[in-house]
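First up is the structure itself, then whatever we jot down about it.
Only the coordinates and a few stated rules stand behind these numbers; no lab work does. Computed from a predicted model, the values in this text were never measured in an experiment. Using ideal geometry, Cβ is built from the backbone for each residue, glycine included, and neighbour counts are taken over all protein chains shown.
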Amino acid sequence: MKRVIIVGGGIAGLSAALKVRRAARAGANVDFVLLERDGRLGGKIAGEVVTGEYGTFVIDGGPDSFLTAKPAMHRIAELVGVAERKMPTDESRKKTLILKDGRLYPMPDGVMQFAPTKFLPFATTGLFSWPGKLRAGMDLFIPKKKLAPGEFNDESLEHFIVRRMGREILNRLAEPLVGGVHGSAPDQMSLAATFPNLLEMEQRYGCMIKGFLAQRKMAEEMRRTHPPDPARPRTFFTAFTGGMHEVVEAMADSAGRESLRTGTDVSGIERMQDGTWSVFLRDGSRVAGDAVVIATESWAAEPLMREVDTDIADALAGIPASSSATASFAFDESEVGVDMNAFGVLCPAVEHGRLLAVTYSSTKWPGRAPAGKVLFRAFLGGPNNQAIMESSDEELTAIALTELRTVLGIPEHVQPLFSRFYRWTLGMPQYSLGHLDRVAVVEQRCAEIPGLALAGGAYRGVGLPNCIVSGENAVTKVLAEWGIELEEDETPTPRTH
Ligand SMILES: Cc1cc2nc3c(=O)[nH]c(=O)nc-3n(C[C@H](O)[C@H](O)[C@H](O)COP(=O)(O)OP(=O)(O)OC[C@H]3O[C@@H](n4cnc5c(N)ncnc54)[C@H](O)[C@@H]3O)c2cc1C
């Protein structure tokens, strides 16, 4: 029996565990043990169902959804029996607001990622100045970046957007859009590692506006030829009815909880002379296995890798991470005085506030709050606001509430029914310039060391579907070294609720 030791019980580690379990069910002589430092599984996926005198609220403390277009989460949901719990956003109330000079402006219709594709809404919005709009339009005339044949193209998000569309689009659109998602400062963020589509688009269409126009036409054509099924709407993001932690619980059940050890802090890893692995725990004990998958944050993997391979450790040390927090607040809808017909507010750094964004959770995801109540989630931190992350949970909750009042205009006398706070210290890996080189070093060295693989959101995509694929790929690598290939047509595990 070959045993895989998985370190880290976030979505990547759980996906790895599930993959080993599937291989075992398919007849392979393999097993796993997963070691997670925290007292619970899920890593950044955390949440709770709050039931009390006001009714039932569903809170997501970390991710609140996944990108619908990526298949991995759909596949996992199917496998572990929670596919029927998937939930689209309420498109009838879809609107994104952007804070400017203390006022909220709707994102102009037709804006795709960072570029306008409809003239009138962009021309008439008060979100951008006339010089800013004209500068954005210059995108159509600015020649594409010249590349030598085979040249690897990378630049920071800031450099690219300012070069093509001007600083106002960066400050008012691109920065707030990515600040929350990636927790990265635009002047550090590698486009090749985060939005390679923009670089490809420039080379293919000559500019962003033409590229996004072509994409819009393709999407419209797709909708015409394959009209969406009104009974199963396919929205940009998808969540789970009972919160994102639903999928974690189902994955843990399916992988087998007897092999998932929480409260188990790994302090060191050693490759033995005979090629097997020893994993040392903080309590002084040791776990032996034939392969190790490190599915922790990159900064947590770095000290573990130091004794195993210094090239990997050095590459990991070059991946920065920023801290953030979410604070959810429940209110009485009749008191709060906010027009709830929006998904949320983006708060650009140039506004000098302390919030990155606010999600109207109960609008975006029906059922997150009972009738007559509303739920907001404020997002704090990010690269420009690291200093405030030193504050206590209580102080940050108070800061979030004060800012929420300012941004949304919630009167001082209206108190939240309750709040929930989640802190994510170094929770956001930053894909800074040179990220792909660092990841290439990690992958190349792992390929050369039998029985070793790294997985997680720090490498090739922070989104949950990417993390799933990364955990599965790590297991594919070690199983292949043992001559085991897993067919991807396993029978899903039935699950009832
Ligand atoms: C606030 C926030 C909101 C987000 N929103 C979204 C979203 O809406 N959609 C989306 O797709 N993505 C979102 N993301 C990103 C996504 O949540 C993460 O990229 C993903 O959950 C990371 O999963 P992971 O398994 O790689 O790592 P993690 O979830 O970080 O898991 C790593 C685990 O390793 C454990 N560990 C570390 N060191 C040790 C050790 N020495 N021994 C044992 N265990 C150890 C940790 O305790 C942790 O549980 C968000 C992230 C944050 C922080």
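Of the residues G13, T476, A214, the one whose Cα sits farthest towards the positive end of the charge dipole of the chain is A214 (charges of +1 on Lys and Arg Cβ, -1 on Asp and Glu Cβ, taken about the Cα centre). Taking each DSSP H run with n ≥ 4 as -39500 (n - 2.57) and averaging over every residue of the chain yields -10000 deg cm²/dmol at 222 nm. The Cα center of region 410-475 and the Cα center of region 210-265 differ in position by 17 Å.
Computed packing ranks the peptides 379-385, 131-137 as 379-385, 131-137, most packed first, by mean other Cβ atoms within 10 Å. When each of Y422, Y360, Y105 is scored by the number of other beta-carbon atoms lying within 10 Å, the sequence from fewest to most is Y105, Y422, Y360. Its Cα centre serving as origin, region 291-405 has a Cβ charge dipole (Lys and Arg +1, Asp and Glu -1) of approximately 500 debye. This ranking places T406, T89, T225, T359 by how few other beta-carbon atoms lie within 10 Å of each, fewest first, which gives T225, T406, T89, T359. Of the cross-linked pairs K19/K86; K70/K364; K70/K133, those separated by over 26 Å at the C-alpha level are K70/K133.
How would region 443-487 be classified by its alpha-carbon gyration tensor: rounded, prolate or oblate, with rounded meaning a/c under 1.5 and the a/b versus b/c comparison settling the rest? It comes out oblate by the Cα gyration axes. Provide the per-residue ³J(HN,Hα) series for region 92-104, in order, calculated from phi with Karplus coefficients 6.51, -1.76, 1.60 and θ = phi - 60°, each as a whole number of Hz, with x at glycine and proline positions. Result, ordered by residue: 5, 10, 6, 6, 10, 9, 10, 7, 9, 6, x, 10, 9 Hz.
Farthest toward the positive end of the dipole of region 32-89, out of G81, V33, T51, is the Cα of V33, where the dipole comes from beta carbon charges about the Cα centre. Here the simple spin-label model places points 7 Å from the Cα toward Cβ, and for L120 and Q415 these points are separated by 4.9 nm. The residues packed around W365, meaning those with a beta-carbon under 14 Å from its beta-carbon, carry a net charge of +3 if Lys and Arg are +1 and Asp and Glu are -1.
Put a plus charge on the Cβ of each Lys and Arg, a minus charge on the Cβ of each Asp and Glu, and nothing anywhere else: the dipole of region 110-225 about its Cα centre is then about 520 debye. What FRET efficiency would be calculated for the residue pair I142, A26, taking the C-beta separation as r and a Förster radius of 41 Å, to the nearest 0.05? The value I calculate is 0.15. Would you tally the net charge around P106, using a Cβ to Cβ cut-off of less than 12 Å, leaving P106 out, and scoring K and R as +1, D and E as -1? Net of charged neighbours comes to +2. Where a ≥ b ≥ c are the square roots of the eigenvalues of the C-alpha gyration tensor, would you call region 8-127 rounded, which needs a/c under 1.5, or, failing that, prolate if a/b is larger than b/c, or oblate? Since a/c reaches 1.5 and a/b is larger than b/c, the shape of region 8-127 is classed as prolate. Counting every alpha-carbon pair across the chain, the share separated by more than 35 Å comes to 37%.
Between amide H atoms placed 1.01 Å from N, distances below 5 Å from K144 occur with no residue 5 or more places distant or on a separate chain. Classify region 98-202 as rounded, prolate or oblate from the Cα gyration tensor: take a ≥ b ≥ c as the square roots of its eigenvalues, call it rounded if a/c is under 1.5, otherwise prolate when a/b beats b/c and oblate if not. Cα axes put region 98-202 in the oblate bin. With neighbours defined as other Cβ atoms within 10 Å of a residue's Cβ, the residues C467, C347, C446 order from fewest to most as C446, C347, C467. Only Lys, Arg, Asp and Glu carry charge here, each on its Cβ (+1 for the first two, -1 for the last two); on that basis the chain has a dipole of about 1480 debye about its Cα centre. Note that region 281-295 has calculated 3J(HN,Hα) couplings of 9, 4, 7, x, 8, 9, 10, 9, x, 9, 7, 10, 10, 9, 10 Hz, one per residue in order, obtained from phi through the Karplus relation 6.51 cos²θ - 1.76 cosθ + 1.60 (θ = phi - 60°); glycine and proline are x.
Projecting the Cα positions of V358, G102, G427 onto the charge dipole of the chain (unit charges on Cβ atoms of Lys, Arg, Asp and Glu, taken about the Cα centre) puts G102 furthest along the positive direction. Return the whole-Å distance between the Cα centroid of region 151-181 and the Cα centroid of region 1-47. For region 151-181 versus region 1-47, the Cα centre distance is 37 Å.
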